[in-house]
Amino acid sequence: IYASDSVLNQDIIVFNTCLQKSGFEPMGIKKSNTNAVHIQIDPQMKDEEYRMINKPGLSLEIRGGKHGVFHGLMTLWQYKQLAKSEATLSMPEIHDYPAFAWRGMHLDVCRHFFPKEFVKKYIDMLALHHMNTFHWHLTDDQGWRIEIRKYPLLTQKGSKRKESLLGKSFNPYKGDGKPVEGFYTQDDVREIVRYAAQRHITVIPEIEMPGHAMAALSAYPIYSCRKTPMEVMTTWGVSDDVFCTDESTFKFLQDILDEVMGLFPSKFIHIGGDEVPKVRWKACAVCQKTMKMNSLKDEHELQSYFIKRIDQYVTSKGRNIIGWDEILEGGVPPSASITS
């Protein structure tokens, strides 16, 4: 295998790594006119478009846009796995490009923690199937999984729960007695983001707010409405405890987002925004004062106010927010995108 453009050398390294993981010998990297795979950038092609041309007995040529050549190599990897029993590869010409610009998968590491090597394996599977976006759900009621250096209790306390709900034993509650813990250091995150980028995959982090925040509030209850000690949730479902809407909470979340945006170069930052009960806000003097000061008629508009504040901050840093479709409640910022 060889490349006409040195910028493609990393793609060859990743491709050979993929072959080895599938039990194949890596291809030798040298120029040859026979029995070789020749890859090259075609500036006339779309970013993710590629064309594979088979010249029987001579070579296989893969031409494509800046991401297209890699997708061609992933198709070759697929073909190699299908043709394990064959000594040679024979295929017709393939011309391929995506129907959709965003092709992604989601992984929730909060309810069930997955170690770094599993996350890398997951990314390999995304690459194999021509996905280009990895939505990494890093915080929720049942666990906080990303190191934030300014607020160490988020991982010291928020990344641990004493057990999980056993089956569907909500009432009466029954736990499984098995502690769950784990988080990714900032070095882990950088490594995974770099690993994904080498596979032409963008990592979108999700930091949940204003609801699904019990893990964070167990570490820093001062940012809740009740300001009382609480634990990381051991059940599934939705908690009434959410982030308060006072200024100190916004500062806390902005500090977190600063560190997150420093780790993830993605244009989009997912801020969750779904399943936000209004019970605590209704009973919270601070939240009611926020509503009055900003002429908000109800708690749905308070949720919109919260999301717009976060949107303004993220946008000021040159990024854009995504939220689950509940952020539409009470009005949505025009620059926001929706995961529906």
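A few comments on the model shown:
- The listed residue being at pLDDT 95 or above and either over 22 Å from the mean Cα position of the chain (by Cα) or outside any helix (DSSP H, G or I) (or both), out of 189, 203: 203
- Subset of segment 28-87 [in a loop (DSSP other than H, G, I, E, B) and under 19 Å from residue 103 (Cβ atoms)]: 45, 46, 47, 48, 49, 65, 66, 67
- Flag if residue 213 is more than 13 Å from the chain's Cα centre (by Cα) and of a type in the set (A, V, I, L, M, F, W, C): yes
- Filtered by the rule that a residue be part of a loop (DSSP other than H, G, I, E, B) and either within 22 Å of the chain's Cα centre (by Cα) or of a type outside the set (A, V, I, L, M) (or both), segment 238-264 gives 238, 239, 240, 241, 244, 245, 246, 264.
- Evaluation of residue 168 against (1) within 16 Å of residue 231 (Cβ to Cβ); (2) in a loop (DSSP other than H, G, I, E, B) (one fails), failing number: (1)
- Considering the conditions (1) closer than 30 Å to residue 137 by Cα; (2) surrounded by 19 or more Cβ atoms within 10 Å (Cβ to Cβ), residue 101 is excluded by exactly one of them, (2).
- Residue in segment 18-27 that is touching a strand residue (DSSP E or B) at 6+ places or on another chain (Cβ under 9 Å) and not polar (S, T, N, Q) present: yes
- Residue match in segment 280-299 (condition: in contact (Cβ under 8 Å) with a residue 24 or more places away in the chain, open to solvent by 50 Å² or more (accessible area, probe 1.4 Å) and in contact with a Gly (Cβ under 7 Å, 6 or more places away or on another chain)): no
- Among the candidates 238, 276, 242, the residue that is of a type in the set (A, V, I, L, M), open to solvent by 60 Å² or more (accessible area, probe 1.4 Å) and in contact with a Gly (Cβ under 9 Å, 6 or more places away or on another chain) is uniquely 238.
- Selection within segment 295-340 - under 20 Å from residue 284 (Cα atoms) and of a type in the set (S, T, N, Q): 295, 303, 304
- From the list 158, 167, the one residue that fits, being of a type outside the set (Asp, Glu) and exposed (fewer than 13 other Cβ atoms within 10 Å of the Cβ), is 167.
- Complete set of residues in segment 47-86 that are surrounded by 15 or more Cβ atoms within 10 Å (Cβ to Cβ), hydrophobic (A, V, I, L, M, F, W, C) and either closer than 23 Å to residue 132 by Cβ or within 33 Å of the chain's Cα centre (by Cα) (or both): 52, 62, 69, 70, 73, 74, 76, 77
- For the condition farther than 22 Å from residue 110 by Cα and either of a type in the set (Val, Ile, Thr) or open to solvent by less than 10 Å² (accessible area, probe 1.4 Å) (or both), residue 314 qualifies.
- Taken over segment 130-146, the criterion of being closer than 15 Å to residue 186 by Cα and either assigned to a strand (DSSP E or B) or open to solvent by 10 Å² or more (accessible area, probe 1.4 Å) (or both) is satisfied by 136, 139, 144, 146.
- Segment 319-340, subset without any contact (Cβ under 8 Å) to a residue 24 or more places away in the chain and in a loop (DSSP other than H, G, I, E, B), residue nearest to the chain's Cα centre (by Cα): 340
- One residue stands out in segment 1-41 among those that are under 30 Å from the mean Cα position of the chain (by Cα) and charged (D, E, K, R): the one that is surrounded by the fewest Cβ atoms within 10 Å (Cβ to Cβ), namely 21.
The values are calculated or read from the model by the stated rules, or taken from the named source; none is laboratory data. Since this is a predicted model, take the numbers as computed values, not measurements. Backbone-built Cβ (ideal geometry, glycine too); neighbour counts: all protein chains shown. Just the protein is used for accessible areas: all its heavy atoms, side chains included, with ligands, DNA and RNA removed. Shrake-Rupley method; radii C 1.70, N 1.55, O 1.52, S 1.80 Å.
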